[in-house]
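The values are calculated or read from the model by the stated rules, or taken from the named source; none is laboratory data. From a predicted model like this one, the values you see are computed outputs, not experimental measurements. Note that each Cβ is placed from the backbone with ideal geometry, even for glycine, and that neighbours are counted across all protein chains shown. Protein only, heavy atoms only, side chains kept; ligands, DNA and RNA dropped before computing areas. Shrake-Rupley method; radii C 1.70, N 1.55, O 1.52, S 1.80 Å.
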Protein chains: 2
Amino acid sequence: MAKRVVPETARRRRRPTKQGQVLTHQLIVETALRMLREHGAAGLTARRLGLALGADASTVYRYFRGMDDLVLAIADELFGHAVEGWSPSGDWRADLRELGLRIHNAYLTHPQAAVLTASRVTGLPQEVATDEIILGILRGAGFPDADAVRIYHAFIDQSLAFSILDAATLALPPAAREADEEVWRDTYARLPATTHPHIAATAPLLVARMNDSAYPTALDMLLASASAQLRG
Amino acid sequence: MAKRVVPETARRRRRPTKQGQVLTHQLIVETALRMLREHGAAGLTARRLGLALGADASTVYRYFRGMDDLVLAIADELFGHAVEGWSPSGDWRADLRELGLRIHNAYLTHPQAAVLTASRVTGLPQEVATDEIILGILRGAGFPDADAVRIYHAFIDQSLAFSILDAATLALPPAAREADEEVWRDTYARLPATTHPHIAATAPLLVARMNDSAYPTALDMLLASASAQLRG
DNA sequence: TCCTTATGCCAACGCCATTGACGTTGATGA
DNA sequence: TCATCAACGTCAATGGCGTTGGCATAAGGA
């Protein structure tokens with residue numbers, strides 16, 4: 001075949017799809033983002049993307065080598081969304097907290113993008129820009145380079161990792177979530193204090209928190225530890 | 001159809017597969033675990049599982065409602081593996097560190113199981129047992145119940161979340177990983193200090209750490225913060 | 001002995017990502 | 001002006017996936 005290569009230069013020749021749509025990388029990424037937002041991670045498929053674009057599924061492959069390439073482009077875009085409109089306050093701890101929550105939130109609807117961002121470090125522009133910001137905050141706060149890099153790594157991976165986890169919960173249909181909650185409540189309430197004293201003692205607390213994301217806690221703990229390191 | 005219901009009572013009547021194998025829930029889970037260990041998360045499919053069992057893929061559905069049910073069973077099994085042979089040392093911090101690493105490691109080859117464990121809290125036996133152990137360590141260390149529950153939640157989700165992330169890296173074919181590493185090294189080395197001073201200053205450190213999991217760092221920071229809370 | 005039920009197999013459904021072949025277009029340069 | 005060529009659209013097909021309906025068979029229980 002004619003080697004479905006994706007050219008790097010900007011395209012100048014265009015032909016509309018059957019529905020009259022003119023495609024670009026940008027348009028495809030934006031459409032994909034909208035689909036993810038509206039239908040969740042499982043809702044983005046080549047076929048449906050093609051449909052949403054008014055084009056054949058295979059047309060997507062003229063622009064991206066495969067779905068992974070597309071998701072990678074989406075992933076980079078999300079870093080841009082995460083820091084959009086943000087500016088440093090001067091308080092490193094508050095700044096990192098804000099950025100952590102923003103990144104976590106941006107990837108919440110796009111867990112597949114989080115997986116790729118973390119596993120396939122490809123140096124895409126928005127990702128690099130975000131890295132620079134985070135490292136800048138840490139070094140500006142006075143962390144020695146080795147510590148700054150270590151904390152940066154833990155910080156960014158933790159935000160992405162929790163996004164994936166929390167996204168899975170979010171993606172469940174409400175009915176399934178309620179059913180699970182019921183089972184859980186039952187199971188934990190039924191455990192006798194003789195065999196499971198600690199669960200029995202804390203069951204109400206456990207149940208009350210079971211639907212919350214643990215990310216804010218984990219983030220705060222990471223920042224508290226970093227702060228202690230800085231002072232110590 | 002005859003409603004493919006999975007009976008809850010132990011089965012007594014058995015008919016071997018064409019290959020003479022006699023199936024049980026246990027055998028299916030064990031075979032699936034082996035496939036995950038040997039071929040990674042993407043290597044476990046209903047068809048291949050059937051093949052490995054010497055049975056038709058559809059036979060699996062006589063034992064599990066669907067793939068999710070099977071993976072849930074696997075997930076619970078993994079908690080058992082994680083704490084197998086472990087006993088508390090009396091040092092709560094060292095104990096939690098050990099358990100965190102064990103859980104992270106157990107789910108490393110089974111990220112799909114980690115996703116389900118965290119998103120569909122179903123109160124399966126091994127999971128409950130592990131929860132009891134962790135809560136016991138925290139309450140034994142002197143944490144008030146509210147803190148113990150909060151830390152427990154962050155701790156367990158952190159280990160699962162990082163498993164998913166690290167598993168994605170692990171699953172990449174070595175060639176792809178090396179190619180990515182190359183790109184990364186290039187990108188970061190090429191950034192001028194004028195536009196990206198912080199990356200430029202720490203590039204060697206960044207590159208040196210890029211393939212390591214950030215989990216141990218994040219875990220230690222979480223424990224350090226917990227310890228400070230306890231003392232404070 | 002007969003009936004029920006558990007459990008096996010097979011074939012099929014509708015989904016998925018991806019690709020090869022082919023047609024059409026617009027820009028380029030002789 | 002016009003031939004060439006790359007870009008990029010469609011279509012049809014491939015091989016995989018989870019899942020299910022239909023049917024055959026064997027093990028107990030009556």
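Points to keep in mind about this one:
- Apart from one condition, B:G142 fits all of (1) touching a residue at least 24 places away in the same chain (Cβ under 8 Å); (2) of a type outside the set (D, E); (3) more than 9 Å from chain A (Cβ to nearest Cβ); (4) over 29 Å from A:A228 (Cβ atoms); the exception is (4).
- Test: residue in the range B:57-65 that is within 13 Å of DNA strand D (Cβ to nearest atom), more than 27 Å from B:D166 (Cβ to Cβ) and within 14 Å of chain A (Cβ to nearest Cβ): yes
- Enumeration of residues in the range A:43-66 that are within 17 Å of A:T24 (Cα to Cα) and open to solvent by less than 50 Å² (accessible area, probe 1.4 Å): A:A46, A:L49, A:G50, A:L53, A:G54, A:A55, A:A57, A:T59, A:V60, A:Y63, A:F64, A:G66
- Selection of the range B:173-184 for residues being more than 9 Å from chain A (Cβ to nearest Cβ) and in a helix (DSSP H, G or I) yields B:P174, B:A175, B:E178, B:A179, B:E182.
- Residue satisfying all of: in the range B:145-172; more than 7 Å from chain A (Cβ to nearest Cβ), in contact (Cβ under 8 Å) with a residue 60 or more places away in the chain and farther than 19 Å from A:T122 by Cα; farthest from the chain's Cα centre (by Cα) among these: B:D147
- Restricting A:L138, A:L165 to residues that are within 24 Å of A:L36 (Cβ to Cβ) and modelled with pLDDT of 95 or more narrows the list to A:L165.
- Test: residue in the range B:29-50 that is more than 14 Å from DNA strand D (Cβ to nearest atom), under 30 Å from B:F143 (Cβ atoms) and among the β-branched types (V, I, T): no
- Scanning the range A:185-232 for residues that are modelled with pLDDT under 95 and either under 25 Å from the mean Cα position of the chain (by Cα) or on the phi > 0 side of the Ramachandran plot (or both) returns A:R209, A:M210, A:N211, A:D212.
- Top-ranked residue of the range B:118-136 - restricted to ones that are open to solvent by 20 Å² or more (accessible area, probe 1.4 Å) and more than 7 Å from chain A (Cβ to nearest Cβ), ranked as farthest from B:G85 (Cα to Cα): B:L124
- Some residue of the range B:87-98 being touching a Phe, Trp or Tyr at 6+ places or on another chain (Cβ under 8 Å) and open to solvent by less than 30 Å² (accessible area, probe 1.4 Å): yes
- Test for A:G136: is it part of a helix (DSSP H, G or I) and assigned by TED's automatic domain parsing to the domain that holds A:S225: yes
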